[in-house]
1. So residue 124 passes all but one of these: (1) closer than 19 Å to residue 89 by Cα; (2) exposed (fewer than 10 other Cβ atoms within 10 Å of the Cβ). Which condition number does it fail?
2. Could you tell me which of the residues 145, 182, 151 is under 26 Å from residue 78 (Cα atoms) and modelled with pLDDT under 95?
3. Restricting to region 104-143, what's the tally of residues that are more than 24 Å from the chain's Cα centre (by Cα) and either more than 17 Å from residue 82 (Cα to Cα) or polar (S, T, N, Q) (or both)?
4. Taking the stated definitions as given, is residue 118 assigned to a strand (DSSP E or B), in contact with a Gly (Cβ under 8 Å, 6 or more places away or on another chain), on the phi < 0 side of the Ramachandran plot and among the small types (Gly, Ala, Ser)?
5. Out of the residues in region 80-90 that are assigned to a strand (DSSP E or B) and in contact with a Ser or Thr (Cβ under 6 Å, 6 or more places away or on another chain), state the one that is farthest from residue 132 (Cα to Cα).
6. Which count do you get for residues in region 127-150 that are within 20 Å of residue 99 (Cβ to Cβ) and among the small types (Gly, Ala, Ser)?
7. Of the residues 122, 137, only one is modelled with pLDDT under 95 and acidic (Asp, Glu); which?
Amino acid sequence: MDRRLATAIIAVCAIAVFGWRVYSSGQKPVQAPASQSKPVQAPPSTPKTVQASAFRPKPVQAPPSNSVAARLPTTRQRLAPEGTYFFLKRASLKTESSIIGFAPGTKVTMIEQRGSTSIVSDGEHQFETASSELTNDLDIATRVAKADFEAQRKIGDFIVKTVQEHDKQQAEEIATFDKQQAELDRKLRSATQHTRAKSRN
């Protein structure tokens, strides 16, 4: 009986020791969170491709200049609608009954281009003209039209002044003639009266 009891006690102790070892081996020591003991590292990321335009340096502005050309902004060329052109110089068209003149800046429609010459229309007539005398630049057409208008105005002023001077000269000549005629009539009357007076005596 004592032997069986001792054997049972030894078996219970062995089982207890074995269970304790199994239990203790399954437990892990409690560690502080990683965020408290070690600095948090950002996860590795694939570097993004940087566009070259994002780092393009701003253009350096030139210092102000005293020259007019440097101060003038770059102007954008203004063109007329397709097929619309303007005369750069005065042109003329001889018809069966008259001669038609076209001032610089007159608008025409392109009918056909033939290299150095072009067929154009003013809305009533089609005729040939030199391609070099045409432009579709609105600013150039405006300038030549204004220049021609100013030239024609000066010519008109000169003609008016010439006519006025001519009229003034004619008026002075007429006044002088009338004065001379009146003086001649006076002398003639005086001579007639003198002759009559002599005949009476």
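The values are calculated or read from the model by the stated rules, or taken from the named source; none is laboratory data. Since we're looking at a predicted model, the values are computed, not measured. For neighbour counting, all protein chains shown are included, and Cβ atoms are generated from backbone atoms with ideal geometry for every residue, glycine included.
1. Here residue 124 clears every test but (1).
2. On the way: 145 fails: modelled with pLDDT under 95; 182 fails: under 26 Å from residue 78 (Cα atoms).
Being under 26 Å from residue 78 (Cα atoms) and modelled with pLDDT under 95 holds for just one of 145, 182, 151, which is 151.
3. 14
4. Numbers: assigned to a strand (DSSP E or B): yes; in contact with a Gly (Cβ under 8 Å, 6 or more places away or on another chain): no; on the phi < 0 side of the Ramachandran plot: yes; among the small types (Gly, Ala, Ser): yes.
So residue 118 fails the test.
5. Initial filter on region 80-90 (assigned to a strand (DSSP E or B)): 84-87.
In the following step, the residues that additionally are in contact with a Ser or Thr (Cβ under 6 Å, 6 or more places away or on another chain) were identified as 86-87.
Details: 86: 11, 87: 9 Å.
That would be 86.
6. 1
7. Numbers: 137 fails: modelled with pLDDT under 95.
Unique residue meeting the criteria: 122.
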